[in-house]
Amino acid sequence: MLGFFITGLPSCFSASSWESAEELRDMALTFGMEEQTNGDRHTHEEILKSSALFAGSSGLITGIGVVRNKALAVFLGPVGYGLFGVFGSLVSLVQCIAGLGVSSSGVRQIAHVASTGSERQIASTVTVLRRVSILLGLLGAAMLIGLSRPIAVLTFGGPQHTAAICFLAAAVFLQIISNGQAALIRGLRRIRDLATINVLGTLFGTIVAISVVYVFRDNGVVLAIVGNALTGLAVSWWFSRKVRIGAKGLTFADSRSQVASLLKLGMALMASGLMTLGMAYLVRLMLLRMTGSEATGYYQSAWTLGGLYVGFILEAMVADYYPRLTAHAENNHACNRLANEQTLVGLLLAGPGVLATITMAPILIKVFYSVQFLTAVGVLRWLCLGTTLQVITWPMSYILIAKGKQGLFFGTELAWGAVSLVLSWSCIKWCGLAGAGMAFVGSYLFYGIMLFTILKRLTGFQWFWMNVRTGFLFLGAISALLAMFYALPLAVVTWVGVAATAGCTFYSLYVLMHLLPRERLPLRIRRLLKAQPPPPATKPRAD
């Protein structure tokens, strides 16, 4: 877990100012970044602190996940675990449709009014969001029950799971309400509470899931999913109630205006989430129909493990970066700088962990699941490369959301969905299980190129040179290591992977220590940095 060691580095630092304006300019030149204003000098430190907090929580979640995945894999086997993944994807898909994106648009709206409005405006937004979430939860549950038989036939080729799908309506209802409550925590940037919610929700959900599956085996899959949603609701409610917000005298006109604002952006976000979750569902469906039921279990295990490490970086991005970006949505220069800084820190944190996961994939599969799941090693390695591309593309996509460019955002997501669908069908047909991972990589390559082209015209977006160098270093190392596993003996490539992981870990630590305020580093590290020359100074890209 070298990546978790890296992310734990900044957790001992507190907010501070740079020693001098000259030091700030030196940092900007050293890492190919433009000079920051006084109000934005702590951006890297804020990103690292929020990432470190989520890294700590992710460490606990990972430990809990080891126990949960191992138990579910042993009790259910590949077929049952695949069923667990299909049902989970179905719940997420329906929840995305019925939720209409209001929880995500609520984060933006709460963050916006928190930075510019009064407590009454925040209270009004939160109250409307909660009421709308309850209504949408009821509608989502009713929709799943009404369509349970067609969904069962489409997914499984027959009506045998209709009753189970009806019961999943309870999970849809609970998740939509829980997401509405969590939007308040996210919008107010209560990062510590959000990390705690993630840990406690995972812990209690794991206890419920393991207990139910242990008693009922395959018949307990649906109960486990509903129980997990119920514990998530309870935990999010407990923390959201700590935020004292009351909206007295909320008029119908105020409510209508708030609902319209939530739905305007929410529909675009819903469409985006629908395509993402829809693709996850369709990929599992393709594997189920084209390669067999066991392949869905292998893919589900690889998908869970591949996103486990990078997940905390993306979670911190949603919790911290998105609200900060919303506050600067009208300033193109600030948006571009924030996206570059978020991408750099994300790559530095993700790179070593991804390389370690690719290198140790067989061992991780055995530890997290069992020897029955070793077939998932190949697709896991491809998914790791894809998650690295997500770290690069997500900060760019959030610029469109923060600026409220609903139509443009929907268009990019639609294009990504179409390309992803074509690639998934083709790659799975010709390459089997590993093809699902190859399609994931190809879709995000397309997505990144498309976003960069659009943002360059919209905001004048460009990559800082440090980001270009770091991206080429990590993506090159990951791609080369992945190719070696197909061409060289396993023992040789494993040692190459260990060396690459160690080298990239050192590089990440070195750069991260230069990004942080010197006075907050331990004395020995400050002396070491003073004795070592900094990376060569560069300028932002001109093109």
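The values are calculated or read from the model by the stated rules, or taken from the named source; none is laboratory data. Keep in mind that this is a model prediction, so the values were computed, not measured. Backbone-built Cβ (ideal geometry, glycine too); neighbour counts: all protein chains shown.
Is it the case, given these coordinates, that Ala439 is in the same structural domain as Tyr299 (by TED's automatic domain parsing), aliphatic (A, V, I, L, M), surrounded by 16 or more Cβ atoms within 10 Å (Cβ to Cβ) and under 20 Å from the mean Cα position of the chain (by Cα)?
yes
State all residues of region 476-501 that are under 26 Å from the mean Cα position of the chain (by Cα), aliphatic (A, V, I, L, M) and crowded, with 18+ Cβ neighbours inside 10 Å; if no residue qualifies, say none.
Scanning region 476-501 gives Ala477, Ile478, Leu481, Leu482, Ala500.
Would you mind stating whether Leu347 is surrounded by 23 or more Cβ atoms within 10 Å (Cβ to Cβ) and in the same structural domain as Ser420 (by TED's automatic domain parsing)?
Here the answer is yes, as Leu347 does meet what is asked.
Out of Val94, Val153, I need the residue that is assigned by TED's automatic domain parsing to the domain that holds Ala163, under 19 Å from Arg284 (Cα atoms) and modelled with pLDDT of 85 or more. Which one?
From the options Val94, Val153, the qualifying one is Val153.
Restrict the check to region 133-144 and report whether at least one residue is modelled with pLDDT under 85, in contact with a Ser or Thr (Cβ under 8 Å, 6 or more places away or on another chain) and either of a type in the set (Val, Ile, Thr) or in a helix (DSSP H, G or I) (or both).
yes
Condition check: out of contact with any strand residue (DSSP E or B) (no Cβ under 9 Å at 6 or more places or on another chain) and either of a type in the set (Lys, Arg) or surrounded by 19 or more Cβ atoms within 10 Å (Cβ to Cβ) (or both). Does Gly140 satisfy that?
So Gly140 passes the test.
Residues being buried (at least 20 other Cβ atoms within 10 Å of the Cβ) and without any contact (Cβ under 8 Å) to a residue 40 or more places away in the chain: count how many of those fall in region 350-372.
1
Considering only region 178-200, I want to know if a residue exists there that is within 21 Å of the chain's Cα centre (by Cα) and without any contact (Cβ under 8 Å) to a residue 40 or more places away in the chain.
Going through region 178-200, the residues within 21 Å of the chain's Cα centre (by Cα) turn out to be 178-200.
The next check asks that each one be without any contact (Cβ under 8 Å) to a residue 40 or more places away in the chain; those that pass are 200.
Yes - at least one qualifying residue is present in region 178-200.
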